[in-house]
Amino acid sequence: MAQLSDDCFAVGEAPMAVEDAVALIERRVSVTVGSETVALGLADGRISAEDVRAAGDLPPFDNAAVDGYALRHTLLNPDRETVLPLRARLAAGAAPEGVSAGDGVVRIFTGAPMPHDADTVFMQEDVRVENGRVVLPPGLKPGANCRRAGEDVSSGGLVIPAGRRLRPQDLALAAAVGRDALSVRRRLRVALFSTGDELTEPGSPLRPGAIRDSNRVMLAALMRRIGVEVDDLGILRDDPATLSRRLAEAAAGHDLILTSGGASVGEEDHVKAAVEAVGQLVFWRLAIRPGRPVAMGLIDHKPFVGLPGNPVATYVTLLFVVRPLIARLTGESFVPPKPQPVRSAFTFRKRVGRREFLRVSLGLGSDGVIEARKFPKDGTGMLTSLTESDGLAELPDGAPVVCEGDTVGFYPHAVLW
């Protein structure tokens, strides 16, 4: 099992571009979780730990793709109807031994094995049956409506590559080639904290100056959607010694430590110092908005990520920073989502050199073109900007202004997780 080394990152104090942070993770972080074998019925959403290859052809034999009539194509008249006698019948699941089309046709049903001397199937709706003889129209190509052995997967062919997040269709293919269980990566164990004296648990009465902790609920739900095992370890108060001790304890039994809040530069933001007291901080600022104060480090060789406290910044940085990190730790062949190009219905000025994400909704312009409409409030504490928008608009690093009518990248909430 690979582990992270304390010198696996090397960064300076300047804010790091998001793509540089992800590239650094890609280069220097390796798989830290082992594997286990699970039944097919339990493998959905898990990460394949090995290449899966077909032990035989799929389909295993030539078979009919439709209900109809099987025959040798050479018996057909090329330019007029052909009339042939009905010789036999084959249903799905029947053995083809002893069944011959000969100089006639075989009544055959979808999935039934092809007679050894037949190579083409007419659909039943294209023929007529008259007094035990079948009238076949001209024009059908050789091999029509016949599925050949191995045409889906040949024996030894790759069925599922290692690193794939398994989907229902992958499990169906594994079953079809004879597998009833698969080797998958163990679920990543993540220790999850929120930090801050101002936080109280959801459902608790609010004391003066307090707010309810919503980040932990959101982070846990998002990570569980990608198959992570989350240990919700509650709220850490703004005490440096307690923070350091709890983070060190969490490293002992988890693969990743994740916090939100306290990673900025205020006098009451203690996460940076707490990590440095028990581990190594490797970067703590990204050129991204919302989400600039992102701390990443190592505690007992385990990666630590401290996310911002504002909910929208937490959401954005989990998607664009933590999601690729989780993929590397679990061996997932992760392909980041690609933004859909849409037309901007707003004008917005931004700082050059910083990736910016705005919450937007989609609509049709007067000319029928899909356009992104900016959520009217910019605050990164606005949870309604996530619940009442369709997704995120990405404004590139180098553009100081995005004007109405420009093209922007759009990430829909529905496909991000």
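Please report, in cubic angstrom per residue, the volume enclosed by the convex hull of the alpha-carbon atoms of region 1-153. Output value, Cα hull per residue: 202 Å³. Computed extension gain for residue 51 through residue 86, at 0.36 nm per residue and net of the alpha carbon distance, reaches 8.0 nm. Remark: spin-label model distance residue 276-residue 415 equals 4.2 nm, labels positioned 7 Å along the Cα→Cβ axis. Rolling a 1.4 Å probe across the protein heavy atoms gives region 63-147 an accessible surface of 50 Å² per residue. For region 340-412, report the translational diffusion coefficient in µm²/s to the nearest whole number, using Stokes-Einstein at 37 °C, 0.692 mPa s, and a Kirkwood Rh over Cα pairs. Roughly 267 µm²/s, to the nearest whole number.
Using bins of 5 Å that start at zero, the share of Cα-Cα pairs per bin across region 187-316 amounts to 2, 12, 22, 25, 22, 13, 4, 1, in whole %. Entry note: region 239-367 has Rg to Rh equal to 1.06, where both radii use alpha-carbon atoms and Rh is the Kirkwood radius. Taken over region 32-102, the convex hull of the Cα atoms encloses 200 Å³ per residue. Each other residue within a Cβ distance under 14 Å of residue 360 adds +1 if Lys or Arg and -1 if Asp or Glu, for a net charge of -3. Per residue, the convex hull spanned by the Cα atoms of region 297-383 measures out at 142 cubic angstrom.
For the chain, which semi-axes, largest first and in whole Å, follow from the square roots of 5 times the eigenvalues of its Cα gyration tensor? Display every interim value, and only then the final one.
Numbers: eigenvalues 687, 151, 63 Å².
After scaling each eigenvalue by five and taking roots: 59, 27, 18 Å.
The magnitude of the dipole of the chain, with charges of +1 and -1 set on the Cβ of Lys/Arg and Asp/Glu and taken from the Cα centre, is near 260 debye. Using the Cβ-Cβ distance between residue 351 and residue 23 with R0 set to 25 Å, the FRET efficiency works out to roughly 0.70.
In loop segments of region 354-417 as defined by DSSP, the trypsin sites (Lys or Arg not before Pro) with at most 14 further C-beta atoms inside 10 Å of their C-beta are 377. Can you pull the percent of Cα pairs in region 63-147 with separation above 22 Å? Cα-Cα pairs of region 63-147 separated by over 22 Å account for 12 percent.
Its relative contact order, with pairs defined as Cα atoms under 8 Å and 6+ residues apart, puts the chain at 17 percent. Fully extending the segment from residue 169 to residue 403, taken as 0.36 nm per residue of separation minus the present Cα-Cα distance, adds 80.0 nm. The portion of the accessible surface of region 63-147 made up by carbon and sulfur, rounded to a whole percent, is 49 (1.4 Å probe; DNA, RNA and ligands excluded). How large, in percent, is the carbon and sulfur part of the accessible surface of region 324-379 at a probe radius of 1.4 Å? Carbon and sulfur together cover 54 percent of it.
The values are calculated or read from the model by the stated rules, or taken from the named source; none is laboratory data. If you're wondering where the values come from, they're calculated on a predicted model, not measured in any experiment. Note that each Cβ is placed from the backbone with ideal geometry, even for glycine, and that neighbours are counted across all protein chains shown. When the accessible area is computed, the model is the full protein with side chains, heavy atoms only, and any ligands, DNA or RNA have been set aside. Shrake-Rupley method; radii C 1.70, N 1.55, O 1.52, S 1.80 Å.
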